[in-house]
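Okay, so here's the structure we're looking at.
The values are calculated or read from the model by the stated rules, or taken from the named source; none is laboratory data. Fair warning: this is a prediction, and the values are worked out from it, not measured in the lab. All Cβ positions, glycine included, derive from the backbone under ideal geometry; neighbour counts span all protein chains shown.
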Amino acid sequence: MLINKDLISINVDLKNKDEVIAHSAQLMFNAGKLNDLEGYRKAVYEREAEISTNLGDGIAMPHARTSFVNEPGLVFMRLKEEIPWEGGDQPIRLVFGIAAPETGGDIHLKILAKLARQLIYDDFKQKLFTIDNEDDLLALIEEATGGLE
Amino acid sequence: MKLLAVTACAAGVAHTFMAAEGIEKAAKERGHEIKVETQGALGIDNRITPEEVKEADAVILTKDIPIRERDRFEGKKIFNVTSTACITNGPKIIEAIEQNTK
């Protein structure tokens, strides 16, 4: 499974981008998605340094494709409070973390593309910002990334 | 109207697809036909055919980075916009096209 309840973290108290990336990596690692926590974390920073994944509207998508990943993983976090995130003029409150293995094609890009398309819909965004039940959030995100395993 | 659009952005990931969805949604809401080609990290997707170019009333191209194979659209009415505008201001773009193709 790409995402499960353990990979969803809402109202989490993280103060900056470093804490967000570390928390996302830790959730991935705990779920068995990674074979090297530190290696994945560094790869996310390298990708972030190329072009920020701050998408505007309070959403960031830190991700990496690296051999430190065992299988594709998706993390969703909603922060207790907004934090600054360079590369965009708006602070971040929602985070989609993506881990993709080196082999296995363009799965992470397809996940990103599908999610990105959904993110223009105010209704979808609104739900991401407001739903407090993890089961409902999981169902919403699974539907949005449907068909991708 | 029959519209075509091609979206692309620097990283080729999020904005390319958000812009595609944004402009498609806006065009359909105003009753137009539209086909959107994405030029992203996954390559060229939903490629526009020469027949579709021939029949199109207008072409929308994002200007964040150069569009590949742009010469396909020579002689057509072209509207250059940012991917951000497609995401946040799709209906305005479509309205402007309606005004300018009368």
Can you tell me which residue within segment A:2-25, out of those that are among the small types (Gly, Ala, Ser) and more than 11 Å from A:LEU138 (Cα to Cα), is surrounded by the fewest Cβ atoms within 10 Å (Cβ to Cβ)? A:ALA22
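Condition check ((1) over 12 Å from the mean Cα position of the chain (by Cα); (2) farther than 16 Å from A:ILE107 by Cα; (3) at pLDDT below 95) across all residues:
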site	(1), (2), (3)
A:ASN16	yes, yes, no
A:SER24	no, yes, no
A:PHE29	yes, yes, no
A:LEU37	yes, yes, no
A:ILE51	yes, yes, yes
A:ASN54	no, yes, yes
A:ILE59	no, yes, yes
A:VAL75	no, no, no
A:ARG78	no, yes, no
Looking at (1) touching a Phe, Trp or Tyr at 6+ places or on another chain (Cβ under 7 Å); (2) more than 19 Å from B:ALA14 (Cβ to Cβ); (3) polar (S, T, N, Q), which is the one condition that is false for A:ASN133? (1)
With the condition being of a type in the set (Ser, Thr, Tyr), I'd like the strands (runs of 3 or more DSSP E) fully within segment B:1-92 carrying at least 1 qualifying residues. B:2-7, B:33-40, B:58-62
Out of the residues in segment B:38-56 that are without any contact (Cβ under 8 Å) to a residue 40 or more places away in the chain and farther than 24 Å from A:HIS63 by Cβ, state the one that is nearest to the other protein chains (Cβ to nearest Cβ). B:ARG47
